[in-house]
1. Quick query: amide H of S88 versus all other amide H atoms, modeled in the peptide plane; which residues come in under 5 Å with a sequence gap of 5 or more or a different chain?
2. How are the C-alpha pair distances of the stretch 88-184 spread across 5 Å bins, as whole percents from the shortest bin up?
3. Taking square-rooted eigenvalues a ≥ b ≥ c of the alpha carbon gyration tensor, is the stretch 1-95 rounded, prolate or oblate, where a/c under 1.5 means rounded and, failing that, a/b exceeding b/c means prolate?
4. Based on the Cβ-Cβ distance from I150 to S64, what FRET efficiency comes out when R0 is 25 Å, to the nearest 0.05?
5. Kirkwood Rh over Cα pairs of the stretch 11-154 into Stokes-Einstein at 37 °C, 0.692 mPa s: D in µm²/s?
6. Can you tell me which lysines have their Cα less than 19 Å from the Cα of K166? Leave out same-chain residues fewer than eight positions away.
7. Per DSSP H run of at least 4 residues, take -39500 (n - 2.57); add these up for the chain, divide by its residues and hand me the 222 nm value, nearest 500 deg cm²/dmol.
8. Aspartates and glutamates within cross-link reach of K189: Cα-Cα under 18 Å, excluding same-chain residues under 8 positions apart?
Amino acid sequence: MSDFNKYTSKIDYSAIIEFVLQNGELMHYKKREYFNRQGEVCYKMGYVVSGSFRYCCINSAGESKVVGYTFENSFVGNYPACRLEDRSNVEIQALCDCSVYVVSNKQITQFYEQNIENQRLSRSIAETLLWEVYDRMITMYSMTPEERYIEILDRCPALLNLISLKELASYLMICPETLSRLRRKLVQK
């Protein structure tokens, strides 16, 4: 599912991936186990070697809303909260059994401070994540729910093999009934 998070194709992450694989601790998460809880201070990031995670936030009504996913061969964690050692504004939960190489924020800092190339990578990661969030926000304003649905399935055709329609609706910021109507409409075309 390498096309889900667009940022993964924008810069070369090989140096930090290699660092995490060499220095991280291999951790196993069972389905529904949390990598991070909303409201808890973040001290770690990880590289997913198998499995996938869902990012959710709990709104003021106590409802869980899907805000993102991460899949095999990509990073997991709340990067801004980890780097600032701040409280997470999302919960990160395993969708299935997962294997993740986990590093601490201290280890990440040591990696970035090793040389100028790693410092540039740090800046590129921050800029790229900002771009990803900004792009998602603009998409919510500029595309209809139908266009967002088509775009995500064109980019990630196997997505519905991994997540439920209810979760996809939450991610697209529409109700499940609206998603069902969109799907019926597109089938009829």
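The values are calculated or read from the model by the stated rules, or taken from the named source; none is laboratory data. In this text the structure is predicted, and so the values were computed from the model without any measurement. FYI the Cβ positions are ideal-geometry reconstructions off the backbone, even for glycines, and counts take in every protein chain you see. Quick note on the areas: whole protein, heavy atoms, side chains included, nothing else; ligands and nucleic acids left out. Shrake-Rupley method; radii C 1.70, N 1.55, O 1.52, S 1.80 Å.
1. Long-range HN contacts for S88: G39, E40, V41, C42.
2. Bins of 5 Å from zero give 2, 10, 14, 17, 16, 14, 12, 9, 4, 2, 0 percent of pairs.
3. Working: a/c = 1.62, a/b = 1.48, b/c = 1.09.
Verdict is prolate for the stretch 1-95.
4. Working: r = 25 Å, r/R0 = 1.01.
Rounded to the nearest 0.05, the efficiency is 0.50.
5. Numbers: Rh = 16.2 Å.
Approximately 203 µm²/s, per Stokes-Einstein.
6. K31, K65, K185
7. Values: 7 runs with 83 residues, N = 189.
Helix-only estimate at 222 nm: -13500 deg cm²/dmol.
8. List returned: E146, E147, E151, D154.
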